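Notes follow once the structure below has been shown.
The values are calculated or read from the model by the stated rules, or taken from the named source; none is laboratory data. As the structure is a computational prediction, the values presented were derived from the model and not from experiment. Cβ sites come from the backbone with ideal geometry, for glycine too, and all protein chains shown count toward neighbours.
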Amino acid sequence: MRTAAALTSAGVIAAIGVVAFGELSSWAASRRGFPRSGSVTSRGATDPSASHAVLVLGYRNPGPRANAINRFRVRAGVRSVDPEAAESVLVLSGGAVAGVIPEAELMRRYARDELGFTGAIRLETASTSTEENIEQAIPLLEEATSIAVVSTSHHALKARICLRRLRPDLAERLVRGGDYRLGELWWVKPVEAVLGRRSLRRLTSAG
């Protein structure tokens, strides 16, 4: 009995450690890749005359409805829209990677039909990778005075690094989005942290 209780306790402690690792790693990633100077806020534009763009990165989606990951990303994107900006736009990015309908279109349907989002939306439907997400979305971000990139935390960090490499001037406009919340998708964060760190290492070593 004591052995069983000890094993149970060890399992619980290990599980807590895994969840804590995912949370801490995601929290740290959500705060990296921003300009060193200026104010980096969670809601972007503080100047009421400014324009704010929220870029939401899609995830492979074989079905006719946005899957759980894309639904999370759209929700995070919608809550990242700056209500105080003179203009705000939700830029949804993702091609038809795993299905026949572009990820961006599936996310648009979810935002409009299920979340009731009525703000401005622009679509980028050609990209098939994170690097292409950024390349193809740049024309839709040019006019914004502040830009938030929304995804899972490590994926968003990768995208911010890509933006800095391609357009350092636009990277200077980056602000935090609302994609990290304590306890949200806690079962995904440990896996995303491991895979995300691996992807970031490949990106930095290649660059």
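Pull up the range 102-131, narrow it to residues that are more than 19 Å from Cys162 (Cβ to Cβ) and surrounded by 19 or more Cβ atoms within 10 Å (Cβ to Cβ), then point me to the one that is nearest to the chain's Cα centre (by Cα).
Taking the candidates together, the pick is Met107.
Identify all residues within the range 54-90 that are closer than 16 Å to Ser129 by Cα and assigned to a strand (DSSP E or B); write none if there are none.
Result: Leu55, Val56, Leu57.
If you go through the range 82-96, how many residues are free of Cβ contacts under 8 Å to residues at least 60 places away in the same chain and either under 18 Å from the mean Cα position of the chain (by Cα) or surrounded by 22 or more Cβ atoms within 10 Å (Cβ to Cβ) (or both)?
Going through the range 82-96, the residues free of Cβ contacts under 8 Å to residues at least 60 places away in the same chain turn out to be 83-84, 86-96.
Next cut, either under 18 Å from the mean Cα position of the chain (by Cα) or surrounded by 22 or more Cβ atoms within 10 Å (Cβ to Cβ) (or both) only: 88-95.
Within the range 82-96, residues that are free of Cβ contacts under 8 Å to residues at least 60 places away in the same chain and either under 18 Å from the mean Cα position of the chain (by Cα) or surrounded by 22 or more Cβ atoms within 10 Å (Cβ to Cβ) (or both) number 8.
Could you please give the count of residues in the range 17-37 that are under 16 Å from Ala171 (Cα atoms) and not hydrophobic (A, V, I, L, M, F, W, C)?
7
Do we have Ile134 as buried (at least 17 other Cβ atoms within 10 Å of the Cβ) and in a helix (DSSP H, G or I) here?
yes
Quick test for you: out of Ala193, Ala98, Ala111, pick the one residue that is at pLDDT below 95, out of contact with any Leu (no Cβ under 6 Å at 6 or more places or on another chain) and either of a type in the set (Val, Ile, Thr) or closer than 18 Å to Ala66 by Cβ (or both).
Numbers: Ala193 fails: either of a type in the set (Val, Ile, Thr) or closer than 18 Å to Ala66 by Cβ (or both); Ala111 fails: at pLDDT below 95.
Only one candidate passes the filter, namely Ala98.
Counting just the residues of the range 139-174 that are farther than 29 Å from Leu185 by Cα and of a type in the set (Lys, Arg), which one comes out surrounded by the fewest Cβ atoms within 10 Å (Cβ to Cβ)?
Arg165
Take the range 148-164 and flag every residue that is within 12 Å of the chain's Cα centre (by Cα) and either hydrophobic (A, V, I, L, M, F, W, C) or assigned to a strand (DSSP E or B) (or both).
Step one: list which residues in the range 148-164 are within 12 Å of the chain's Cα centre (by Cα), which gives 148-160.
The answer is Ala148, Val149, Val150, Ala156, Leu157, Ala159.
Starting from the range 147-161, take each residue that is without any contact (Cβ under 8 Å) to a residue 60 or more places away in the chain and list its partners that are surrounded by fewer than 24 Cβ atoms within 10 Å (Cβ to Cβ), counting only C-beta distances under 8 angstrom and pairs at least six apart or across chains.
So the pair list comes out as Lys158/Thr130; Lys158/Gly196; Lys158/Ser199; Lys158/Leu200; Lys158/Leu203.
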